[in-house]
Amino acid sequence: MSRVIPGICMAAGWLLLLFQGPFVLFWAVILIGAVLALHEFFRMTLATLRHWRQAATIACCLGPVLAALTGHGDMILAGMMCSLLGLTMLALHGYGAMDDSLKYAGYAGFACVYVSGCMAHMVLLREHPQGVFWLTMLVAIVAGSDTGAYYAGRAFGKRKLFPLISPKKTVAGGVGGMVAGVAAAEIVNLIFRQPAHPGALLLVAVVLVAIGIVGDLTESMIKRSVGCKDSGTILLGHGGLLDRLDSLLLTAPVLYYLLRFGMV
């Protein structure tokens with residue numbers, strides 16, 4: 001129950017934001033989420049990064065999300081370059097004061113792309129003419145895949161998928177996640193009675209489920225590398241914000257570019 005109630009509240013809040021909230025409010029929520037996710041990332045990977053330097057690093061990493069307010073994809077790159085310049089200056093300023101400036105620059109640069117850059121694409125999806133539909137679709141696919149993987153893994157899981165990174169993930173769970181993710185996509189498509197062709201959506205859902213699994217494993221790799229069980233505790237029984245966003249971070253840009261280049 002400690003996981004169910006927060007999960008229902010998060011789902012309800014997300015749908016309310018999508019269907020009732022204006023674009024600027026959605027962007028503001030994603031911006032706040034990026035700040036929290038970046039804080040969790042640096043808490044795990046750069047524990048010695050504190051006070052003003054941590055705040056300045058997080059601020060510099062926000063370039064892509066800030067640029068996403070324009071609603072133009074090419075501005076994300078401009079925001080990324082601004083972040084790179086800011087992080088480079090912080091690394092230079094901290095040379096000699098920090099244990100390893102190159103390690104700092106590597107982690108901060110990765111966080112800028114992995115967290116801020118990917119979350120910026122959620123904002124771009126919201127600005128799409130059918131953004132509400134596709135964001136609902138994306139979350140349904142990810143949530144359906146996670147649920148299917150969990151129950152299929154518990155019932156049939158024997159062979160491990162990536163035991164060194166995530167010992168609980170199994171091949172059976174991956175198959176169950178794929179089936180449930182595709183089913184969730186087709187159900188949402190029927191409910192909305194619009195834009196995606198069922199055949200094309202099937203292929204898109206398969207791609208997004210696969211990328212979602214990669215995203216999940218990526219965050220697990222980060223946590224295992226630094227010895228953390230959860231990225232944080234902000235979501236009560238659900239861990240940290242990054243623990244909930246792991247599958248969305250990589251799937252959002254993939255879906256955006258599939259739409260951007262007319263592949264769905």
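The values are calculated or read from the model by the stated rules, or taken from the named source; none is laboratory data. Note that the structure is a prediction, hence the values are computed from the model and not measured. Here Cβ is always computed from backbone atoms with ideal geometry, including for glycine, and neighbour counts include all displayed protein chains.
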Number of the exception - Gly96 against (1) in a helix (DSSP H, G or I); (2) surrounded by fewer than 20 Cβ atoms within 10 Å (Cβ to Cβ) = (1)
On the given criteria, is Ala108 in contact with a helix residue (DSSP H, G or I) (Cβ under 7 Å, 6 or more places away or on another chain) and either under 16 Å from Ala252 (Cα atoms) or outside the structural domain of Thr88 (by TED's automatic domain parsing) (or both)?
-> no
Return only the number of the condition from (1) in contact (Cβ under 8 Å) with a residue 60 or more places away in the chain; (2) out of contact with any helix residue (DSSP H, G or I) (no Cβ under 8 Å at 6 or more places or on another chain) that Phe26 does not satisfy.
-> (2)
Right, Thr48: outside any helix (DSSP H, G or I), among the hydroxyl-bearing types (Ser, Thr, Tyr), within 16 Å of Tyr107 (Cα to Cα) and out of contact with any Pro (no Cβ under 7 Å at 6 or more places or on another chain) or not?
-> yes
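For (1) crowded, with 21+ Cβ neighbours inside 10 Å; (2) more than 21 Å from the chain's Cα centre (by Cα), each residue gets a yes or a no:
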| site | (1), (2) |
| --- | --- |
| Ser166 | no, no |
| Gly177 | yes, no |
| Ala185 | yes, no |
| Gly199 | no, yes |
| Ser220 | no, no |
| Leu242 | yes, no |
Residue list for region 131-148, restricted to those being more than 19 Å from Leu16 (Cβ to Cβ) and surrounded by fewer than 23 Cβ atoms within 10 Å (Cβ to Cβ) | Asp146, Thr147
Does Ala59 satisfy the criteria of being out of contact with any helix residue (DSSP H, G or I) (no Cβ under 7 Å at 6 or more places or on another chain), modelled with pLDDT of 95 or more and either outside the structural domain of Ser225 (by TED's automatic domain parsing) or in a loop (DSSP other than H, G, I, E, B) (or both)?
-> yes
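Conditions (1) under 14 Å from the mean Cα position of the chain (by Cα); (2) more than 29 Å from Ala67 (Cα to Cα); (3) touching a residue at least 60 places away in the same chain (Cβ under 8 Å); (4) not assigned by TED's automatic domain parsing to the domain that holds Ala28, marked per residue:
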position	(1), (2), (3), (4)
Gly96	no, yes, no, no
Asp99	no, yes, no, no
Gly117	yes, no, yes, no
Met122	yes, no, yes, no
Ile141	yes, no, yes, yes
Among (1) at pLDDT 90 or above; (2) out of contact with any Gly (no Cβ under 7 Å at 6 or more places or on another chain); (3) charged (D, E, K, R), Arg260 falls short only on (2)
Which of the residues spanning region 38-93 are of a type in the set (S, T, N, Q) and buried (at least 22 other Cβ atoms within 10 Å of the Cβ)?
-> Thr57, Ser83
In region 14-34, the residues that are more than 11 Å from Val123 (Cα to Cα) and within 13 Å of the chain's Cα centre (by Cα) = Gly33, Ala34
Look at region 73-94 and say how many of its residues are farther than 18 Å from Trp52 by Cβ and either of a type in the set (Gly, Ala, Ser) or free of Cβ contacts under 8 Å to residues at least 24 places away in the same chain (or both).
-> 9
